[in-house]
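Engineer: Below is a structure I'd like to ask you about.
The values are calculated or read from the model by the stated rules, or taken from the named source; none is laboratory data. Every value quoted in this text rests on a predicted model; they were computed, and no experiment measured them. With ligands, DNA and RNA removed, areas are computed over all heavy atoms of the protein, side chains included. Shrake-Rupley method; radii C 1.70, N 1.55, O 1.52, S 1.80 Å.
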Amino acid sequence: MFYLKELKTIHGLLNEKNSSRSPWSQDEYQALFDLVNMDLRMKAYQERESDNCMLRGNIFWEAISRKMGTRTGMQCCLKWYG
């Protein structure tokens with residue numbers, strides 16, 4: 001249980017470090033658009049390779065957040081679907 005509390009604290013600090021509360025800049029919005037589209041294209045390719053042919057919208061927002069470096073996964077998700 002103690003380890004879980006430590007992990008949540010560290011995760012929260014990392015998210016705060018990458019969290020901007022200011023309005024989204026055009027560069028941030030473009031980076032979000034590019035990263036999400038790249039993720040979806042890669043998933044579409046993987047689906048096609050597996051003959052499943054059904055693209056799912058399960059985007060890994062924390063990975064998008066880490067690549068952006070300025071926003072949390074939740075902020076990215078809300079901006080994308082908002």
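Engineer: Ordering LYS67, LYS79 by accessible area with a probe of 1.4 Å, largest first, what comes out?
Structural biologist: LYS67, LYS79
Engineer: Please list LEU40, LEU78 in order of solvent-accessible area, largest first, computed with a 1.4 Å probe with all protein chains present.
Structural biologist: Ranked from most to least accessible, the order is LEU78, LEU40.
Engineer: What length, rounded to one decimal in nm, is gained on full extension from LYS79 through to LYS43, with 0.36 nm per residue of separation minus their alpha-carbon distance?
Structural biologist: Length difference between fully extended and current span is 10.9 nm.
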